[in-house]
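The values are calculated or read from the model by the stated rules, or taken from the named source; none is laboratory data. What you see is a predicted model, and the numbers here were worked out from it, not measured in a lab. Reconstructed Cβ throughout: ideal geometry from the backbone, glycine too, with neighbour counts over all protein chains shown. For accessibility, only protein heavy atoms count, side chains too; no ligands or nucleic acids. Shrake-Rupley method; radii C 1.70, N 1.55, O 1.52, S 1.80 Å.
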Amino acid sequence: MDQASVLDRPVDVATRLQRDLKANGFAVVRNVLTQDQVRELRAMTGRHLKSAGWYNYGGKLQVQAMHVVPGLAGILTSESVLGVLKEIAHPLDVELTFECDLMINTTSTWHKDIVHHPAYPDSRVFSDEAFHIYKIAFYLQEQASDSPSTLKVRPGSHMRVDGMDLPVEGTSVRPGDAVIFDVRIDHVGQMPSLTDRMLRKTLEAFGPRLHFDVQKAFTRSRSFLRAATGHMSDRMAVFMTFGPSEAWTHAYADAARNRHKEFARTLDETVLSRLARDHVIAPT
């Protein structure tokens with residue numbers, strides 16, 4: 001990875017983060033979470049998604065996870081995490097949106113996370129320098145830059161409607177590192193293998209006729225195959241969307257609110273007090 005995109009704290013993080021995000025559309029910040037927090041996140045992710053969440057993309061996911069999974073909001077609003085968000089949003093306050101996802105063993109193809117926004121594909125989204133909406137992602141296992149499971153991006157594609165002709169860069173992350181990326185950037189995580197694609201097509205062909213849940217069957221079949229081949233380590237990730245408190249972020253948060261149902265519960269008082277102290281705007 002280009003060392004301009006990898007930061008070892010403490011340095012002049014705000015200046016470098018803002019510069020890298022503007023130029024490349026992503027950055028990595030080392031050691032934002034402690035290893036105890038990483039272990040806690042892996043435990044709560046596995047525990048929650050064992051019995052809850054949605055079957056999708058060959059794995060499971062939980063949307064609005066801060067409001068659904070006990071303890072998650074406390075880690076995602078810890079001092080070290082909020083410090084990174086505040087450095088990126090400076091000089092404005094941080095605004096959290098309605099998007100916070102837990103994922104386990106999901107696959108994906110190349111995509112942008114802006115496509116559900118009402119302004120997409122209006123080209124203003126890709127040319128307006130006042131657009132600063134990001135996801136902070138924590139991958140809860142080590143992922144080398146050449147690993148098939150690591151996040152891959154096309155630097156600079158956040159400024160283009162279609163950046164598929166740009167070169168690909170894999171992110172190298174350790175548990176506890178944060179990857180911050182612009183929601184407009186072209187990116188992909190764990191791509192489906194040939195076996196995954198064949199399995200899904202087979203299930204999609206028979207599912208409607210045999211009246212079974214294709215997504216559930218796909219996820220469980222992948223899990224069985226991973227166990228049978230000795231690949232037992234689960235790939236887990238946590239994502240939270242945020243931006244400076246300005247017009248584009250307000251609009252994105254409204255779109256996310258309309259896209260998802262109302263929260264199952266409110267954030268606890270300790271988290272709300274911490275957010276208020278740091279002038280962080282959050283859905284309650």
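Only helices enter the 222 nm calculation for the chain: every DSSP H run of n ≥ 4 contributes -39,500 (n - 2.57), and dividing by all residues gives -11000 deg cm²/dmol, rounded to 500. For helix 214-228, report the angle its Cα long axis makes with the longest principal axis of the Cα atoms of the chain; keep it between 0 and 90° and round to the nearest 10°. It works out to around 80 degrees. For the chain, the spread of Cα coordinates along the three principal axes comes to 56, 46, 36 Å, biggest extent given first. Counted over the stretch 192-233 with a bin width of 5 Å, the fraction of Cα pairs per bin, in whole percents, is 5, 25, 28, 23, 12, 5, 1.
With all protein chains kept in place, the per residue accessible area of the chain amounts to 47 square angstrom at a probe of 1.4 angstrom.
Computed over the chain, relative contact order equals 29 percent, with contacts defined as Cα pairs under 8 Å that lie 6+ residues apart. Computed from backbone phi, the HN-Hα couplings of the stretch 276-282 come to 5, 4, 8, 6, 9, 8, 9 Hz, rounded to whole numbers (Karplus: 6.51 cos²θ - 1.76 cosθ + 1.60, θ = phi - 60°; Gly and Pro given as x). Residues whose amide H falls under 5 Å from that of Val32, counting only those 5 or more places apart or on a different chain, are Asp177, Ala178, with hydrogens built in the peptide plane.
Between the helical axis of 79-89 and the longest alpha-carbon principal axis of the chain there is an angle of about 70 degrees. Each residue of the stretch 41-55 was assigned a 3J(HN,Hα) from its phi angle through the Karplus curve 6.51 cos²θ - 1.76 cosθ + 1.60 (θ = phi - 60°); the sequence is 5, 4, 5, 6, 5, x, 5, 5, 6, 5, 10, 9, x, 10, 7 Hz, with glycine and proline shown as x. Note on the stretch 147-282: semi-axes of the ellipsoid equivalent to its C-alpha gyration tensor, largest first and rounded to whole Å, are 33, 23, 18. Report, in degrees rounded to the nearest 10, the 0 to 90 angle that the Cα long axis of helix 13-24 makes with the longest principal axis of the chain. On a 0 to 90 degree scale, this one is about 60. How much accessible area does Glu204 have with a 1.4 Å probe, in Å² rounded to the nearest 10? Using a 1.4 Å probe on the heavy atoms, I get roughly 90 Å². You can think of it this way: the chain between Ala228 and Met198 has 9.0 nm of extra reach, that is 0.36 nm per residue less the Cα-Cα gap. Note on the stretch 28-177: Lys pairs 8 or more places apart or on different chains, Cα atoms under 14 Å apart, count 4. When the chain is treated as a Gaussian network with alpha carbon springs shorter than 10 Å, the biggest mean-square fluctuation among Thr171, Thr266, Thr106 belongs to Thr266.
Here the 3J(HN,Hα) profile of the stretch 127-142, calculated from phi with Karplus coefficients 6.51, -1.76 and 1.60 at θ = phi - 60°, is 10, 7, 6, 8, 8, 9, 10, 9, 10, 9, 10, 10, 8, 8, 7, 6 Hz, Gly and Pro shown as x. Cross-link partners for Lys216 among the aspartates and glutamates, with Cα-Cα distance under 16 Å and sequence neighbours closer than 8 places in the same chain left out: Asp196, Glu204. Between amide H atoms placed 1.01 Å from N, distances below 5 Å from His116 occur with no residue 5 or more places distant or on a separate chain. Database remark: amide H of Thr150 closer than 5 angstrom to no amide H (H placed geometrically; neighbours at sequence offset of 5 or more, or on other chains; Pro and chain starts carry no H). Would you compute the Debye intensity of the stretch 72-178 from its alpha-carbon atoms alone, equal scatterers and no solvent, and pass along log10 I(q)/I(0) at q = 0.11, 0.14, 0.17, 0.19 Å⁻¹ to two decimals? Each listed q maps to, in turn, -0.43, -0.72, -1.09, -1.33.
Per-atom-type breakdown for the chain gives carbon and sulfur 54% of the accessible area (1.4 Å probe, protein chains only). Dipole magnitude for the chain: about 1160 debye, using +1 per Lys or Arg Cβ and -1 per Asp or Glu Cβ, origin at the Cα centre. Annotation: Val161 carries an accessible surface of approximately 70 Å², with a 1.4 Å probe and no ligand, DNA or RNA atoms counted.
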